Amino acid sequence: MSWRLTSTTDPPVSYFLLPGTVTVGRKNCHLNIESEKSVSRSHAKLKISQPSRTSIEIKTQTQQVEPPKLVLEDTSSLGTFVTSDGAEESEEKKVHGQEVPLNSGDRVRFGDGLNASKTSFVVRFEPLVLATRSAAAPEESLVKLAQQGGMYLA
């Protein structure tokens with residue numbers, strides 16, 4: 001659950017993304033956007049890799065963790081639009097039939113409809129850390145749980 005997809009609606013709605021593939025579209029997808037006709041039935045895939053490592057040693061409150069890769073694959077007929085973190089909306093790039101890596105803070109808009117707030121999201125990396133009290137190596141079952149949930153062990 002290291003990546004979070006948050007809508008730009010008021011109030012915002014957040015979705016936590018587990019490692020694997022999340023489908024986005026108008027019908028029969030993990031994330032359904034039913035109210036917008038410019039969103040294809042199967043519009044896009046968000047591919048989240050497993051973390052490169054599952055354990056971290058926390059020495060300070062500013063411990064840096066490398067996020068798992070998040071890739072957007074557009075599978076739509078009208079395209080998906082990506083604006084890099086810190087860029088102006090006029091710098092929005094159309095992704096059509098291709099894969100692009102996403103970074104924390106990027107904005108993603110599915111479809112080209114007028115209800116942009118209903119189809120726009122911001123992606124953020126937020127590491128979820130599972131802390132244990134034992135000085136010994138964690139049990140294999142705990143390591144597996146952390147991997148499945150995209151968590152880091154500390």
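The values are calculated or read from the model by the stated rules, or taken from the named source; none is laboratory data. Worth saying up front: this structure is predicted, and the values here are computed from it rather than measured. Methodologically, a virtual Cβ is constructed for each residue, glycine included, from the backbone with ideal geometry; neighbour enumeration extends over all protein chains shown. Just the protein is used for accessible areas: all its heavy atoms, side chains included, with ligands, DNA and RNA removed. Shrake-Rupley method; radii C 1.70, N 1.55, O 1.52, S 1.80 Å.
Find the residue count for segment 101-113, including only residues that are over 16 Å from residue 7 (Cβ atoms) and either at pLDDT below 85 or assigned to a strand (DSSP E or B) (or both).
Matching residues across segment 101-113 total 2.
Within segment 19-40, how many residues are outside any strand (DSSP E or B) and touching a Ser or Thr at 6+ places or on another chain (Cβ under 9 Å)?
Qualifying residue count, segment 19-40: 12.
Take residue 72 and decide whether it is farther than 30 Å from residue 141 by Cβ and modelled with pLDDT of 90 or more.
Judged against the criteria, residue 72 is a match.
Assess whether residue 8 counts as being over 14 Å from the mean Cα position of the chain (by Cα) and surrounded by 14 or more Cβ atoms within 10 Å (Cβ to Cβ).
yes
From the list 98, 61, exactly one residue is open to solvent by 70 Å² or more (accessible area, probe 1.4 Å), modelled with pLDDT of 90 or more and not charged (D, E, K, R). Which is it?
98
Select from segment 18-41 the residues that are modelled with pLDDT of 90 or more and under 17 Å from the mean Cα position of the chain (by Cα) and list them in ascending order.
20, 21, 22, 23, 24, 25, 29, 30, 31, 32 - these are the residues of segment 18-41 that are modelled with pLDDT of 90 or more and under 17 Å from the mean Cα position of the chain (by Cα).
I want to confirm something. Restricting to segment 66-100 and keeping residues that are outside any strand (DSSP E or B) and touching a Phe, Trp or Tyr at 6+ places or on another chain (Cβ under 8 Å), which single residue is nearest to residue 44 (Cα to Cα)?
Looking at the filtered set, the residue picked out is 76.
Is it fair to say residue 74 is among the charged types (D, E, K, R), crowded, with 20+ Cβ neighbours inside 10 Å and over 18 Å from residue 6 (Cβ atoms)?
Yes: the conditions hold for residue 74.
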